[in-house]
Structures are given as C-alpha cells and as structure tokens.
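Step one of this worksheet: look at the structure below.
The values are calculated or read from the model by the stated rules, or taken from the named source; none is laboratory data. Everything numeric in this text was worked out from a predicted model, so none of it was measured. All Cβ positions, even for glycine, are placed from backbone atoms using ideal geometry, and neighbour counts span all protein chains on display. Calculation scope for accessible area: heavy atoms of the full protein, side chains included, ligands and nucleic acids excluded. Shrake-Rupley method; radii C 1.70, N 1.55, O 1.52, S 1.80 Å.
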2 protein chains.
Amino acid sequence: MTTLTTTDPRTGAHSDTGIEATDAAGVAATTAAAASAFADLRSRPRAWRAGLLRALADGLEADRAALVDAALAETGLPEARLNGELSRSAFQFRLFADAVDEGGYLEAIIDHSGPTPLGPGPDVRRMLVPIGPVAVFGASNFPFAFSVIGGDTASALAAGNPVVVKAHSSHPVTSQRSFESLVRAASAYGAPEGTFGIVYGQQAGAVLVADPVITAVGFTGSLSTGKILQAIIDERETPIPFYGELSSLNPLVITPGAASARTAALGEGLFGSVTGSAGQLCTKPGIAFVPAGAEGDALVADVVTRAQDAAAQTLLNSRIHGAFDEIRERLIAEGGARSLVAPHAGADGFSLTPAVLEIAATDVTPAVAEEAFGPLVVLVRYASTGEITAALQAVPHSLTATIHSQPEEAEVRGELTDAARDLVGRIVYDGYPTGVRVSWAMNHGGPWPATNTQHTSVGVTALRRFLRPLAWQDAPADVLPAELRDGTVDVPRRVDGVLELAGA
Amino acid sequence: MTTLTTTDPRTGAHSDTGIEATDAAGVAATTAAAASAFADLRSRPRAWRAGLLRALADGLEADRAALVDAALAETGLPEARLNGELSRSAFQFRLFADAVDEGGYLEAIIDHSGPTPLGPGPDVRRMLVPIGPVAVFGASNFPFAFSVIGGDTASALAAGNPVVVKAHSSHPVTSQRSFESLVRAASAYGAPEGTFGIVYGQQAGAVLVADPVITAVGFTGSLSTGKILQAIIDERETPIPFYGELSSLNPLVITPGAASARTAALGEGLFGSVTGSAGQLCTKPGIAFVPAGAEGDALVADVVTRAQDAAAQTLLNSRIHGAFDEIRERLIAEGGARSLVAPHAGADGFSLTPAVLEIAATDVTPAVAEEAFGPLVVLVRYASTGEITAALQAVPHSLTATIHSQPEEAEVRGELTDAARDLVGRIVYDGYPTGVRVSWAMNHGGPWPATNTQHTSVGVTALRRFLRPLAWQDAPADVLPAELRDGTVDVPRRVDGVLELAGA
C-alpha cells in the first residue's frame, strides 16, 4: 500500500498522512456501498433530505476548528479566507436544503388526458429524478467550497444522489476530516451507509470514473486533467456526463470614462481581485483592458505601485509555484508582453510576489491569453472599442467578463456586452468577478474551454446536472410520487401548460 | 458531383432526384449563413419568434399535398399516417410558439443585492440564452416528425437558434420539399437568410458535425451511426453536446390479472402497437412479458392468430428490410427464442408480414433482447414477478416501459414500477408506448443506450437542450434583456428565491 504525503506550502515541509491510496477493490467497495445507499436515498421524501443537508451544515460548523487547522497546513491560504470558505460551504448546504424544500427544481409538469388537435391525449406527468451515484473531484484552490464539502457534493446530494469524492492530493488530511465530518453528521441523522464515499490517489480517481455504478462526474481543475477524465469516460461502455470546470481568463474591461473617473478605486479593486487568494481563483481577471493615453497610464501606474509594494503570498503547491514563472516567461517570449513588475520569491515555501505585464491590444494573440494561476495580470492597452472586441477573439472563452464604465457610456457598454455575451457565462458590471455569490441566479460556467456544459457549478440550478426526467403515463395514484398526484401539493407545477404556485 | 437516388419502398424502383450531394465548401457556406442568421435571430423579441414558428406551421399545412406525396413515394408509410404526422409537425411548431410566448423556458431568476450570511451580495440575474447553430439529423422512420420539420428543428429554432439539417438518405425529396416549405414561410415572415440550411449525403453530415460553427447535434437513429457521430465530436477542438436518441426495446408487462380480465383487448392492443407503421417506431414494444399458464396462453394465441392473418406491410428501405430477418434469426439461434409466427415477404418492394417469437423469462439474455426494427415481438413467459424483474436486467435501457395490471394488483404494480424506474424514461400504464403525445410533460428519452442525454427530444422541455445559462451581475437596465428588468414582465421569474407568475 502507498501512503499519501502532505506538504505545508508555507514551509515546503512534507509529512506522512497515514492515509492509504485506495486500490481498485477499495473503489469497487465504495461504489457498491453508494449504489446500495441510492436505493434508500431515493425513497426518502424531500423534507428528509433537506433535513440531512442542514444536519451536514451544522456538523461542518461544529467541526470548524479541526477543518480550518488542516486546511491552513495544507493550502497556506489565510485563516480568514478559510473560515469564510467553510461558512460558505455550510451556507451552500442550507441553500440547497431550501431549494429541496421549495421543490421547483423538480420541474413537475402535468398534462391531463383530453382531446388535442391530434386526437385524444393520454395523461402524462413528468418530473426530474436523481440519476445515481456521482463522482466528485476536489479542486486544490478551494479546500472546502470546491472539494469534499463543496458545491458538487451538495448539489448531487440535494438532487438525491450518493456522492463518492476523489480527494485532492494537495489537501488529503483536510479531505479526510471533511469526509469524516459528513459521515458523522449523516450517520447521526440516519442516512444510509454509502451516502458518502471517498477515494485517495490518482489511480483510484481513474478507476472511479470508469466504474459502471457512477452516473456523472463533477470536476473543477485543469483543462489537461479534464481531458484525461473525459478520455476515460469516452472508453466506458455507458457514457456519462462530465461536468468539468476547466480554465478561465476572465477578461476585464475599463472604459476611458471609468479609467478617468475612478482611477485609484479601479487600481485598488483590480489589484485586489488579481491577488486575492494569491490569484488562485478560477474567476481571477487574468487580462484587463485599460485605455491607452494619460487616463490609462495613471491606472497602470497605480497597479504597478501596488504590485511593487506587495508582500509575497504563498501558493497552494509546488506545481502551481513552479508553473507560475514558466507561464509568465511564455507570455513575454511567445506572447510579446512586456514585464512591468517581475515577481520575486518569498523567504519560505511556495511564495512569491505579484507580476504585472503589459501589451498593446493590437498585439494580443492566443499566446498572451494563457491562464496563469497565481497573482499575475496582463494589462492590455487599447485605443478604441474595436480594438477590444478584436482582441477578445483571441481570448479563450471564460467563466466571466467584467465591464467597468460610467453611467453615460451606454453605447460602449452595449457594444462590449454584445461582444462578451458569446464568450462567457457571467457578465459583471462595475465590480469584480471573484467572490462568486452562492445564490439562486448565479451562473458559474461558460463556453468551452471554461466548462464543457450548459449548466452552472455554483448556485441552486447546479442541481439540474444530477437529475433526469421521468414521465408517468396514465398512472394510477399509487405509483405516482406525491408531487405528481392530483390535489394541492407543496411544489410549483405546470398543469395543462399553466404554471401554478405551490399550494395552488 | 454525385446526385442522390431515391427508392420507392413499395416497388423497390430507384429514380434520380437531381439533388446533388453537398461538398465541403457547400457545408461551410451553409454554416456560415447560419452563423450570420444567429446574430439576427438572437436579437429578436420572443413574440417575433413565436410568430415565425406559427408561420412555419401554416406553411407546412399549405404545402401538405406536395409533402405527403413525396413521403408516400419515399417511405411507403400509409397516407393517413403521413397526414397525421404532418399535422403533428405543424402542431409541434405551434406548441413551441406557445412555450416561447409563455417564457417559462427562460428560467429567469433575479437575486437582488443585499446582505447575506456571507456578507453583502451583488445583484445577480440569470436566464437561458440560445447556444448557436444546431445540426439536426433526420430519421428514416418519421419523414416529418423527426426529420427536416421535426421536433429537433422546432425546439432548436424556438430556443433562438438557426438549424442546419442533414437530410436522411431514405427521403431526400421529402427533405428538400420540407426545407423549401420552411424557407418560403420564413422568408415571407422576414426571417434572415441562413435561419435554415440543409446538406445532403453522408460525407456532408460528417463535415457538418465537425464544423466549428455548430454548437449541438440532434440525432434520431441507430446506435451505430450515433457512435460514429459521437466519435467525430470527440475529435473536435471544441466539444459540443450530442443529443442522440439511439435504440429502444420498450418492454411491456401484462400481469396475470390483466391477462385474464382483458385477453382479447390486450391481444389487439399489443399487436397494434407492435405492427403500427410496420413496427418501425422507436417506442414499439419489442419484448412483452405474458404470464405462463392458461391466461397467458390465450393471449399468446390471440396475438399469433392476428399475426398469421396479417397482410404484408412495406418497410422503409432495403437496409431495414434486409436486417429484419437477419436479426430474427439471431434471436432464435443465439437468443434461444422459438418462432411462433414466421414472416413471409410480400409480393412487391420491401414488404413482409409480422413475426412472433416466444421464450421463457428464465432464458432471457441480452442475445434475445436486441432491437428488431419492424413488425416483430418476443413474448416472454413468466411464472412470477421476480422472473420479470430478473429478466429486465438483461434488457437494454429503453425509452419506455409499459405495465398492464388490474386496479387491485397494487403490490405487483408497485414492484414493477420500482424495477422500471431506473431502466426507462417513461412508464406507461394500461396503454401503449407508441403514439408519443407532444405536450408539456412528455419525456422521450431514457438511460443509455436509449439516449445519451438527461433531456427529452419530444415535448416542450426539449427546448432546454439548445439553451445555456447567462448571468448578469450588477447590470444597468440598458444591457439587460427585457425579461430580467425590474418591474412587471410577461414571464414567470424566481425573485429572491420566490417563484412569481408572469405579470406579478
């Protein structure tokens, strides 16, 4: 058996975790338990599942100290950020509980039998049902919110599915403690064994994705790993959906009006968004369009000063730390960017200071539009809106685009919005794309290679990824789910084409 | 240039259509026109698009005679069936028009800014937007309802996308006339050129799926062709969703109570469902569970008599005609089924009489659970409900399952429903799976290999396949779609977690 090592990115020191890599038999036992749990979970009413989600949230908050301690030692992220992330994960479980209680996510529809222009129509009733055991891959940059206790786990479970997590190799101890917290709370609540499973090690992840019991994969990570997992799925006898959130450059545009009117505020905001969590957020603005000329120069100077004065920040692991300067050098050598502020390494561990690059909009090519995970931004200087929209064509599709403009600049705002619409999944105005709100309307997804799906991985509608429709035709009441029976029910439904609120 | 041939299945006679196979340059010109049409279509209000859908329906009905004539000569399907299918296609366009007017499909959500347990939250507004040009592959067995003027075309266009159809080689003239009808009506209505495109020939279909402009593929056809198209998609630089409806055996179960109480009615109904449209429907019950013993024997005898007395029916093309007996012989030689009624060829063209096979439930293996397109049913004799649920494990996942039971048989009905739930997308009670109702609640989809998606290809929710979410954060009203602005709107929305009806 191989045991896993963990590394403290603040010091670079390795230590043995005592956690063994899961072998193929271990993966099979875990998915078998998940399959058996599914038979139980699917038979529970919505209120039971909402209660489970709330119990998990309470359990996470009770275990906060141990979880944050583990994450501190394995990620080097600031304690305040980790505490906030844990709160966010607990909030997320509770929000999904509210959504399960509300029941709109079922998309319940009833068409009564009766005459139609094509002859007599049967009674047809449809709602969404859970798909089965889901595999979730944790991400390195969010040890809570996109890992064992993250949005994929919460949404898959809220939909009624058991979850098997592949622990991220950067935070195995955090993953184990998170898993234990979930299992403790679920078990106390009375959830079946196998509701949660966890596997460790890269090989176990590959075996998990190939396992016939698994019905979908949720993944947040690199494009290259995403492609490897998709290739494993392509080889399966039964294809399954792969929900991958893979890569994002998140272009941000500052109009001439905004650059003049809000120079210092924009410098501070942009720098904060680029360097928050050491720039290791999937929504970090990696490329920012700043006007040429004096108003842009002042803004650039502001960002440069902040970067020069910045202390070193700790990156998550040696791979990210090592890749950072490699990519930065490529952006210069192959992308044609100029270095305005070069980073330097901190005293200990995987730390470094921010990097700022600059290029003219007319020189932007895909070579300067590569995502650099870490505190780096490429400032793009433009002379016209046309230069921005042309340059955006060289930027890979992203999760977000951001537009800073003045109220009176409606025309340029409209042009930029039109240009951004096809390129991203969320357009932010006069704000920053980092700090993704967990809410009903949030969309965290975008055209390939940002994601490969038509769904979000953050927010309530993330539920839809782990559901499929089922229809009952001319069914006697005894086989119908409660939500599809005649009479007043506690979910909204569309009846004979007309949407009705719950209780109608 | 290759010109396409068409064959009259009633006689087997070939004739030249004068239609040329589309070369690569032709495909590229077609998708370029679609891309350009998309820019126009997406800017139109919903009411405009609903009007377009209705104009198309009117145009199809005006062109009914020419369309049905062409389909008669190319499919050999009965005239009444073809007239019904054309009416169904027109109805489908009008139903999608109603759905577009109603606007619930947009899934509009607004979260206002304000305090949250995680701090101040920004204003986030989300709705679904069209994905771009869609490729649609016509099916041989529905020259209207699953071809150029079928559900994939109607739903993709209703969502706001241009459509490029790959004409089915079995009915090129019907496809061409259908396309011309759409273009005529769309052009008179004022829709942009490129709203519809069509390509001819197998090679053109492959080029179409690989074209970077195409954002999704709708396909109804064989599992083998579906896998070829998926392999082309896997090679694309940008992966796109493949919505394939591929294969279905549609198990039907008759309980002992039903077999006794309704012997003749069930014999007539089952035989009608197996042989309607010469058994060439994706929802044909290909395998039917009948109790062992006297009550089942009487039902089997009824079906056998009907099959022996039946006239020959014309199949769609020589491939289906040729494969029919090949598969039937495999079901006997490899699957272990006994022939109760052997088919014989009709006098002309691609015609034959129905086939009935029988096997014991305990002998059912995947070898006897192969889909045979055409008028064939395998009757499975069972001694207990346990034998049925065990045998169902050898049957590939399907679009539908059907359960005939008596009102007092609630327990067995419940057991069969539980068994069917994971295997199919629609469960039919005391009826037949053929004759799919086009309505809001319909689900026409199922677990692999029935389909490879979590969506339906029939009914209003088929729209969701061709949409993706987009979110606007802290957006000024001038960049928001009308449906997401403050104030009263004409679509239902979820506002701060609470569902509101249109006009609220």
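Tabulated data for the structure shown
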item	result
Subset of region A:113-131 that is within 30 Å of A:VAL213 (Cα to Cα) and within 8 Å of chain B (Cβ to nearest Cβ) - its residue that is surrounded by the most Cβ atoms within 10 Å (Cβ to Cβ)	A:ARG126
Evaluation of B:GLU107 against (1) open to solvent by 10 Å² or more (accessible area, probe 1.4 Å); (2) at pLDDT below 95 (one fails), failing number	(2)
The listed residue being open to solvent by less than 20 Å² (accessible area, probe 1.4 Å) and within 8 Å of chain B (Cβ to nearest Cβ), out of A:ALA471, A:ALA462	A:ALA471
Residue check for B:PRO407: out of contact with any Asp or Glu (no Cβ under 6 Å at 6 or more places or on another chain), in a loop (DSSP other than H, G, I, E, B) and either within 14 Å of chain A (Cβ to nearest Cβ) or acidic (Asp, Glu) (or both)	yes
Qualifying positions in region A:93-112 - more than 9 Å from chain B (Cβ to nearest Cβ) and in a loop (DSSP other than H, G, I, E, B)	A:GLY103, A:HIS112
Single residue of region A:433-452 satisfying the filter (open to solvent by 20 Å² or more (accessible area, probe 1.4 Å) and in contact with a Gly (Cβ under 6 Å, 6 or more places away or on another chain)) that is farthest from A:GLY150 (Cα to Cα)	A:ASN452
Hits in region A:215-262 - residues which are under 21 Å from B:ASP234 (Cα atoms) and away from chain B (no Cβ under 13 Å)	A:VAL217, A:GLY218, A:PHE219, A:THR220, A:GLY221, A:SER222, A:SER224, A:THR225, A:ILE228, A:GLU245
Elements of type helices (runs of 4 or more DSSP H) in region B:1-92, at least 3 residues being within 30 Å of B:ALA108 (Cβ to Cβ)	B:24-41, B:46-62
Subset of region A:14-37 (residues that are free of Cβ contacts under 8 Å to residues at least 24 places away in the same chain and of a type outside the set (S, T, N, Q))	A:HIS14, A:ASP16, A:GLY18, A:ALA25, A:ALA29
Residue among B:ALA80, B:ALA29, B:ALA71, B:ALA50 that alone is more than 23 Å from the chain's Cα centre (by Cα), modelled with pLDDT of 95 or more and among the small types (Gly, Ala, Ser)	B:ALA29
Matching option when the condition is over 20 Å from A:ALA504 (Cβ atoms) and in contact (Cβ under 8 Å) with a residue 12 or more places away in the chain, among A:PRO120, A:PRO133	A:PRO133
Selected residue (criterion: nearest to B:LEU281 (Cα to Cα)) from residues of region B:143-159 that are hydrophobic (A, V, I, L, M, F, W, C) and within 14 Å of chain A (Cβ to nearest Cβ)	B:ALA145
Selection count where residues are surrounded by 15 or more Cβ atoms within 10 Å (Cβ to Cβ) and within 30 Å of A:GLU245 (Cβ to Cβ), scope region B:229-269	12
Where a residue in region B:337-366 is without any contact (Cβ under 8 Å) to a residue 24 or more places away in the chain and its partner, wherever it lies, is buried (at least 21 other Cβ atoms within 10 Å of the Cβ), with Cβ under 6 Å and at least six apart	B:SER339/B:LEU357
Every residue from region B:186-225 that is surrounded by 23 or more Cβ atoms within 10 Å (Cβ to Cβ), of a type in the set (Gly, Ala, Ser) and in a helix (DSSP H, G or I)	B:GLY205
Residue in region A:140-161 that is farthest from A:ALA37 (Cα to Cα), counting only those that are touching a strand residue (DSSP E or B) at 6+ places or on another chain (Cβ under 7 Å) and in a loop (DSSP other than H, G, I, E, B)	A:PHE146
All positions within region B:474-504 that are part of a strand (DSSP E or B), more than 8 Å from every other protein chain (Cβ to nearest Cβ) and open to solvent by 30 Å² or more (accessible area, probe 1.4 Å)	B:VAL498, B:GLU500
Residue match in region A:441-451 (condition: over 24 Å from A:ALA216 (Cα atoms), hydrophobic (A, V, I, L, M, F, W, C), more than 7 Å from chain B (Cβ to nearest Cβ) and not in a helix (DSSP H, G or I))	no
Residue count for region B:73-89, restricted to those that are within 9 Å of chain A (Cβ to nearest Cβ) and open to solvent by less than 10 Å² (accessible area, probe 1.4 Å)	0
Residues (outside any helix (DSSP H, G or I) and within 7 Å of another protein chain (Cβ to nearest Cβ)) located in region B:410-432	B:GLY425, B:ARG426, B:ILE427, B:VAL428, B:TYR429, B:ASP430, B:GLY431
A:GLY190 being within 14 Å of chain B (Cβ to nearest Cβ) and at positive phi	no
